[in-house]
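The values are calculated or read from the model by the stated rules, or taken from the named source; none is laboratory data. Keep in mind it's a predicted model, so treat the numbers as computed, not measured. Here the Cβ positions follow ideal geometry from the backbone for every residue, glycine too, while neighbour counts run over all protein chains shown. Please note that ligands, DNA and RNA were not included when accessible areas were found on the heavy atoms of the full protein model with its side chains. Shrake-Rupley method; radii C 1.70, N 1.55, O 1.52, S 1.80 Å.
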Amino acid sequence: MGVTKRQEYLLKLKVQGPGVRPGAITVPDLLRICQATQDAVNRQAEAMRGGVSLRPGPKSSVVYEECTLELLDIRKGSTVLPFRLAKPQQHLPIPEAQAFGAEVVTQVVATVKKIGSTYNGADFEAGVLASLKTMGEVLERGNISRIEWIVPLRRGGRKKLLRAVFDRRVRDCVIERMKTPLVRPEKVEGVLEMADFKEQEHKCRIHPPIGQPVVCTFSPEQEEEVYEALRKPVRVAGTAKINPNSGRIDELAIQSIVPVEQLLVGAEDFFSGHSIEELAQAQGVRPLENPKVLAGGWPQSDNLDDFLEEIYSSRRI
């Protein structure tokens, strides 16, 4: 299949507000908008591939390969940010069919439009909501008052624009949506530790290979099963309460416990492509803010020059 001619843009963000000058935008606002936009696209793509849009840990490599956006320029008028997919898309035989990345972007804009409508019965991906909440931070200082999302579509051979406005009202709707805890089926792999068999409270904790421990509850009928699995690698499945702000599991009610081999724990995540940033986020590792903390560590009684000379001389033997 051939590669189509690169389209002028796949997504445009029209940024407006009292502090916005034509063709210009502050770097912090630009970074916040671009990162939130890319996160929303990545998380929507993860959901459309059958995954979970908001969960601790890295996203799949396919999402990053197919859905990474690139900013073309900063256009005048009001400040307009045009984006297209970084990876050239294959030609599709059906004229109105969209490549996966384009379909994902269209769905994100449709979500923004639905959130801003008066219809409140729709369900939205938690990951997309979290990304929009982050984007809403640029509205706080008052320089930016609205961001219009624009996607070109082709319907019946004619070009049509899908538009959605993101402003304070929509941002408030996003926050209101995120206050409601999410409940969904979930599986967790790790070592089962610290079980509590009190009559009033049956709880244990699963330590996954990557990320924070997960608190689980179990029924009195599962006591023996949990006891047998203590300090052993397991795969538990059940109903999870998801924190709407962090996307992490607050608590998982265990329905089944399956022992697994130690080497197989986290095997699915191992074969997914993860960036350094994603792994650091999943493990709670923060960037180094003060390089001075790396200073020291060499015994004062030892001579560094003698140590290096000993190493070099050993290599010449």
Check: So how much accessible area does Tyr312 have, in Å² to the nearest 10, using a 1.4 Å probe?
Finding: 110 Å²
Check: So, by mean Cβ neighbours within 10 angstrom, what's the order for 102-110, 139-147 with the highest one leading?
Finding: 102-110, 139-147
